Amino acid sequence: MRRFLSAVAVSVLGLGAGAVQGETLADALVSAYKNSKLLDQNEALLRAADEDVAQAVAALRPVVNFVAEAQNSDTDPDTFGADELQTTFQLAVQWTVYDFGRKRAGVEIAKETVLATREALKDLEAQVLLSAVSAYVDVRLQAEIVSLRQNNVRLITQELRAAQDRFEVGEVTRTDVAIAEARLAAARSGLAAAEGDFAVARERYRAVTGAYPGNLAGLPALPKTARSMEEARMIALRTHPDILQAQRQVTIANLGVEATKAEMRPSITLQGGIAKNVDTDTRRDSLSLSFNQTLYAGGALHSAHRAALANKEAAESGLLQTTITVGENVGNAWSALEVAAASIQAGTLQVQAAQTAFEGVREEATLGARTTLDVLNAEQELLDARATKLQAEAQRYVGVYSLLSTMGLLSVEHLGLGVPTYDPAVYYNAVKNAPITSPQGKKLQRILDKIGD
């Protein structure tokens, strides 16, 4: 298992002899987008919201019912066989002609809900892409950590052999050998832990992209973000899906208030019907116009209106809080980038100094001026410095994409991945008018088949 993980680590880093260009970060992002079940789930939920618009539009149209009724009546209970069977066919039409905008408000609420759901889908897309970047970078990082740990084991093995040789000629004591043996055991333990972390990173990569990583290419140049934190905040306030979704929810709440007002107003309904009695061969046509006004409903209508006002207030507060949260996230992401950049700069100096110190201590040890413990300590400091720098570089790389996400710009389109994306307008346009005719139905079926593929 350890040899397998080591071989995979070499493959991931592209260090094998004659290694060809492997999977790029763009490939991983495309795979994550195509294979995300989370996106599939929420695209389906968006289509369900589209159908809510169709149902709201259908409520504006007349309802036509066909009723067939057979009724048996006993005209003379004292006489056997005096039953009379009457069969009636009826075609009834009911249409709300005017309701002071009650159903129109329902249509607008459904439309705004669709737009809000689209923004939620954009936010999920950013999460999926950020997870792919994080998984890609983490696999490379853990592979490099495994490589460092392998070098550490080899180096300490050499130090142990040297200590054993010096012990045999009496230059060092048994204590020096024991110290090297203990450090080798610790190094092997660290290698095992690193290989475990690498295996975990591979599993996460598979969960995000749909396949295990192979020969991963080097990291491409970072995308551009913003020149300052304030610029990043201003962009986020204009483009972040959470803010745009919260704005839609405020609009929905306002429409909800108007809808509760309309519920208190009258409605005018047109009813018509054609009924025919098959047994008597008689036909009765009817047409009526009714005016309906609720005078008392136990306070339910006014309670619904007060609830709508409360929901409006909650939505407005939610928008303000979302704005604050998005601004905070931008600030946190920007600060994290600055910390990572400073860590890289300091880590570079630390690695250089630790390398110089290690080489000096090892040379002095050959002259008898340093102990085995001194050499091992210097080597451990060099290992820690290299690992810390690698982690800082990975943190900064992922941090740039995290900043893009907080700005509302982490999307397939903005990154220019060149992959066909889900177009929410296609399905919406096909169903928004509640189609029932055959040509529209076939068009809708073709869209569903395409989505299924």
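Quick look at the numbers
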item	result
Residue match in segment 151-159 (condition: at pLDDT below 95 and under 30 Å from ASP27 (Cβ atoms))	yes
Selection status of GLU313, under 24 Å from the mean Cα position of the chain (by Cα) and either surrounded by fewer than 13 Cβ atoms within 10 Å (Cβ to Cβ) or of a type in the set (D, E, K, R) (or both)	no
Yes/no for THR260 being closer than 27 Å to GLN94 by Cα, out of contact with any Asp or Glu (no Cβ under 7 Å at 6 or more places or on another chain) and part of a helix (DSSP H, G or I)	yes
Conditions (1) surrounded by 13 or more Cβ atoms within 10 Å (Cβ to Cβ); (2) within 30 Å of GLY399 (Cα to Cα); (3) of a type in the set (A, V, I, L, M, F, W, C): number failed by LEU320	(1)
Complete set of residues in segment 419-431 that are more than 11 Å from TYR33 (Cβ to Cβ) and not hydroxyl-bearing (Ser, Thr, Tyr)	ASP423, PRO424, ALA425, VAL426, ASN429, ALA430, VAL431
Candidates GLU108, GLU119 - the one that is over 27 Å from GLU413 (Cα atoms) and not aromatic (Phe, Trp, Tyr)	GLU108
Within segment 230-249, tally of residues that are surrounded by fewer than 17 Cβ atoms within 10 Å (Cβ to Cβ) and among the β-branched types (Val, Ile, Thr)	1
Residue among SER189, SER134 that is out of contact with any Leu (no Cβ under 6 Å at 6 or more places or on another chain), closer than 28 Å to THR406 by Cβ and not acidic (Asp, Glu)	SER134
Residue among ARG206, ARG188 that is surrounded by fewer than 18 Cβ atoms within 10 Å (Cβ to Cβ), assigned to a helix (DSSP H, G or I), more than 33 Å from the chain's Cα centre (by Cα) and without any contact (Cβ under 8 Å) to a residue 60 or more places away in the chain	ARG188
Unique match (being assigned to a helix (DSSP H, G or I) and more than 30 Å from ILE235 (Cβ to Cβ)) among VAL326, VAL375, VAL330	VAL375
Residue list for segment 391-424, restricted to those being small (Gly, Ala, Ser) and modelled with pLDDT under 90	GLY418
Residues that are assigned to a loop (DSSP other than H, G, I, E, B) and out of contact with any Lys or Arg (no Cβ under 7 Å at 6 or more places or on another chain), drawn from segment 386-418	MET407, GLY408, LEU409, LEU410, GLY416, LEU417, GLY418
In segment 117-142, residue surrounded by the most Cβ atoms within 10 Å (Cβ to Cβ) [restricted to those that are of a type in the set (D, E, K, R) and farther than 23 Å from ASN215 by Cβ]	GLU125
Residue check for THR356: among the hydroxyl-bearing types (Ser, Thr, Tyr) and either outside any helix (DSSP H, G or I) or surrounded by 13 or more Cβ atoms within 10 Å (Cβ to Cβ) (or both)	no
Any hit, segment 324-331, residues being exposed (fewer than 13 other Cβ atoms within 10 Å of the Cβ) and within 22 Å of MET407 (Cβ to Cβ)	yes
Top-ranked residue of segment 143-180 - restricted to ones that are among the charged types (D, E, K, R) and touching a helix residue (DSSP H, G or I) at 6+ places or on another chain (Cβ under 6 Å), ranked as surrounded by the most Cβ atoms within 10 Å (Cβ to Cβ)	ARG149
Residue match in segment 386-393 (condition: under 33 Å from the mean Cα position of the chain (by Cα), buried (at least 20 other Cβ atoms within 10 Å of the Cβ) and among the β-branched types (Val, Ile, Thr))	no
Filter pass, ASP27 being modelled with pLDDT of 70 or more, assigned to a helix (DSSP H, G or I) and within 30 Å of ALA201 (Cα to Cα)	yes
Candidate set: segment 25-70, residues that are among the small types (Gly, Ala, Ser), surrounded by 13 or more Cβ atoms within 10 Å (Cβ to Cβ) and out of contact with any strand residue (DSSP E or B) (no Cβ under 9 Å at 6 or more places or on another chain); chosen: the one nearest to ALA120 (Cα to Cα)	ALA49
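A quick yes/no check of all residues on (1) modelled with pLDDT of 95 or more; (2) of a type in the set (Lys, Arg); (3) in contact with a Pro (Cβ under 7 Å, 6 or more places away or on another chain); (4) within 24 Å of THR269 (Cα to Cα):
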position: PHE291; (1), (2), (3), (4): no, no, yes, yes
position: ALA297; (1), (2), (3), (4): no, no, no, yes
position: ALA304; (1), (2), (3), (4): no, no, no, yes
position: ALA310; (1), (2), (3), (4): yes, no, no, no
position: GLU316; (1), (2), (3), (4): yes, no, no, no
position: THR323; (1), (2), (3), (4): yes, no, no, no
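The values are calculated or read from the model by the stated rules, or taken from the named source; none is laboratory data. Computed from a predicted structure; not experimentally measured. Counting neighbours? That spans all protein chains shown, and the Cβs are built from the backbone with ideal geometry, glycine included.
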